[in-house]
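Just so it is clear, none of the values below were taken in a lab; they were calculated from the coordinates. Computed from a predicted model, the values in this text were never measured in an experiment. For neighbour counting, all protein chains shown are included, and Cβ atoms are generated from backbone atoms with ideal geometry for every residue, glycine included.
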Amino acid sequence: MIKIEDSLRNKIPNITFRDVNFSWPGKIKYVINNCSFSINKSGLWMIVGQNGSGKSTLLKLINGLVKPSNGVVNCFANVGMVFQNPDHQILMPNCRSELILNINQKLKLSRKEANSKIYTVLNKVGLDGFDKRPIHTLSGGQKQRLTIACALISDKNFILMDEPTALLDSSSQLKVLEIIKDLTNNKKNPLTVLWITHRFEELGFASAVAEMKDGNLSDWQKPSNFNKNNVYPLS
Ligand SMILES: Nc1ncnc2c1ncn2[C@@H]1O[C@H](COP(=O)(O)OP(=O)(O)O)[C@@H](O)[C@H]1O
Ligand SMILES: [Mg+2]
């Protein structure tokens with residue numbers, strides 16, 4: 001597992017899995033089973049798959065929380081994570097303090113520079129003027145957008161999003177999808193996002209889609225190869 005952090009800011013990530021197997025401690029069955037893929041372009045990469053198929057485990061292998069039982073995982077990226085439930089991620093009482101917590105301390109920014117970054121990322125996620133807002137006044141969709149702003153302010157170039165819209169109503173779901181799509185399309189500094197979902201309806205936004213089945217990931221395909229009406233049952 002190779003992970004290079006600060007030198008990779010503003011670069012396109014390069015993720016490679018080769019013949020990766022993984023089983024959770026004490027279990028014989030591989031939950032990631034002979035998995036090979038790569039991500040080496042910016043864009044919105046989506047993985048769809050039923051509950052229990054190994055999607056979240058795959059993200060844990062990418063960000064190094066667990067190591068493969070065998071095979072090769074290379075991750076040249078500065079990886080950020082957005083969880084399904086923003087309440088599991090947000091620690092501070094208001095938007096500004098949460099964002100400051102996520103600024104890379106090594107940059108030693110002045111107050112003015114920090115403010116400028118805060119305004120920029122809040123604008124990017126459609127939360128202009130929210131810097132002083134207490135977290136408890138935010139809707140679920142606004143909280144999720146704040147967690148995206150936190151990933152952006154920490155200068156991550158590769159964001160893993162694990163079913164980020166699962167708890168949102170359909171208008172917030174659409175807003176979050178549109179924001180991410182715009183960020184991955186940015187001409188000057190495009191973001192790379194790996195988005196996990198079990199909702200086929202979201203796949204139309206993807207640059208490429210792969211399906212996780214019993215721990216094995218299919219080849220990357222065009223979203224049009226997936227049937228919109230084929231929605232997995234919720235949990
Ligand atoms: N921390 C863990 N310890 C042991 N087993 C786990 C753990 N996390 C997930 N699993 C098991 O691994 C399998 C895949 O789970 P997961 O990667 O969460 O799937 P998905 O995200 O596709 O729903 C499931 O059988 C689940 O019970
Ligand atoms: Mg999961």
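Quick notes on this structure:
- Computed helical MRE - 222 nm, the chain, DSSP H runs ≥ 4 contributing -39500 (n - 2.57), nearest 500: -8000 deg cm²/dmol
- For the pair Asn33 and Asn63, a Förster radius of 22 Å applied to the C-beta separation gives a FRET efficiency near 0.65, rounded to the nearest 0.05.
- Straight Cα distances below 19 angstrom link Lys124 to the aspartates and glutamates Glu98, Glu113, Asp155, Glu178, Asp182, with same-chain residues fewer than 8 positions distant left out.
- FRET efficiency for Asn51 and Ala114, using Cβ-Cβ distance with R0 set to 25 Å, rounded to 0.05: 0.05
- Exceeding the 27 Å Cα-Cα cut-off - candidates Lys27/Lys156; Lys11/Lys181; Lys29/Lys143; Lys60/Lys143: Lys27/Lys156; Lys29/Lys143
- The chain - percent relative contact order, Cα under 8 Å, separation 6 or more: 29
- Annotation for Asn189 and Ser171: the two label points, set 7 Å from Cα along the Cα-Cβ direction, are 3.1 nm apart.
- P(r) histogram, all alpha-carbon pairs of region 86-155 included - 5 Å bins from 0, percent: 3, 19, 34, 26, 13, 4, 1
- Exposure proxy ranking for Met92, Met46, based on other Cβ atoms within 10 angstrom of each Cβ and starting from the fewest, stands as Met92, Met46.
- Over the chain, the pair-distance histogram of Cα-Cα distances with 5 Å bins from zero comes to 1, 7, 14, 18, 19, 17, 13, 7, 3, 1, 0 percent, rounded to whole numbers.
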